[in-house]
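The values are calculated or read from the model by the stated rules, or taken from the named source; none is laboratory data. Predicted model only: the values in this text are computed from it and were never measured. Virtual Cβ from ideal backbone geometry, glycine too; neighbours counted across all protein chains shown.
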Amino acid sequence: MKLFSRMSDIARSPGDPVVITPGPSVKPAADQMARGLGWFSLALGAFELAAPRTITRFLGMEGHENLIRAYGAREIAAGMTSLSTEKELGLWSRVFGDALDIATLMAACRYSNPKRENVALALAVVVGITLLDLGSANAQTMTHSRRKGRHRDYSDRSGFPGGAIMARGKALERQRSETTGAIR
């Protein structure tokens, strides 16, 4: 992001205003990570739906293609949710999905499996991704949740642009004009 900022400074005239602090349109790092993980989920889920035999052959889990397809659908759902306004829900669903993946891989990591080394590699990758998902879900929760005991104070707001007194004055003026107009 800083690179693009520096590049745009090249085209700036000396008198142009400079952004000192970013506005609300700049996404926090937690949102950017959620977006990246959401796209990763969509790609992984599409691969699991499109090529379950390749995955099961690699892991020595032949005959479990439908399970891999179900996990692919779950990944796509988590990815779509992570890209929506419900990022926190999507990221936590990724964490729980990772727990399912770990349990499945642990079951496949038996001595009778000739591809046990592949399963161990996949397990290491999934554990790493789980840590990333967990950190991202926690960051998302911390970034977008309100602290306990802190409530927003709207007591100074009336909902009227000029305040309640001005709104009452306008209403009285309108009522008077309607009353005088009705008499004529």
query = For region 88-95, does any single residue satisfy the condition of being farther than 27 Å from H144 by Cβ and either part of a helix (DSSP H, G or I) or hydroxyl-bearing (S, T, Y) (or both)?
reply = no
remark   = Checking A120, A70, A34 in turn, the sole residue that is among the small types (G, A, S), assigned to a helix (DSSP H, G or I) and crowded, with 18+ Cβ neighbours inside 10 Å turns out to be A34
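Select from region 48-57 the residues that are among the hydrophobic types (A, V, I, L, M, F, W, C), in a helix (DSSP H, G or I) and farther than 24 Å from V95 by Cβ and list them in ascending order. Outline the logic, then answer.
Going residue by residue through region 48-57, those that are among the hydrophobic types (A, V, I, L, M, F, W, C) are 49-51, 55.
From the residues that got through so far, the ones that are in a helix (DSSP H, G or I) too are 49-50, 55.
Residue satisfying the conditions is A50 alone.
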request  = Output yes when any residue across region 141-159 is within 18 Å of F40 (Cα to Cα), in a helix (DSSP H, G or I) and modelled with pLDDT of 85 or more, and no when none is.
outcome  = no
note = Expected single match for at pLDDT 75 or above, in a loop (DSSP other than H, G, I, E, B) and farther than 30 Å from S41 by Cα among S177, S112 is S112
